[in-house]
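Just so it is clear, none of the values below were taken in a lab; they were calculated from the coordinates. Keep in mind it's a predicted model, so treat the numbers as computed, not measured. Cβ sites come from the backbone with ideal geometry, for glycine too, and all protein chains shown count toward neighbours.
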């Protein structure tokens, strides 16, 4: 059984940890809730926002594209 590509995702807080945003999970949640993260050009404040391959996450002026290999 294969999964549809739209059902595969990685949560925003997990993605930020993988790309090396500083701090613990708690600090990452504060960063997200403070509105410092943009997803596809829009401010995102949900920790568990589902990201799919091709989504672009921006933090401190750096853009990171979600790659298929990071998604479960």
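Annotations for the structure displayed:
- For the chain: rounded, prolate or oblate by the Cα gyration tensor [a/c cutoff 1.5]: prolate
- Length-normalised contact order for the chain - Cα pairs under 8 Å, 6+ apart - percent: 31 percent
- Inter-site label distance for residue 70 and residue 18 at 7 Å from Cα along Cβ, in nm: 0.6 nm
- 222 nm mean residue ellipticity, helices alone, for the chain (DSSP H n ≥ 4; -39,500 (n - 2.57); rounded to 500): -6500 deg cm²/dmol
- Length gained when the stretch residue 48-residue 7 is fully extended (0.36 nm per residue, less Cα-Cα span): 13.3 nm
- Protection proxy ranking of 44-51, 11-18 - average other beta-carbon atoms within 10 Å, highest first: 11-18, 44-51
- Backbone N within region 34-51 under 15 Å of label point (7 Å from residue 60 Cα along the Cβ vector): 36-38
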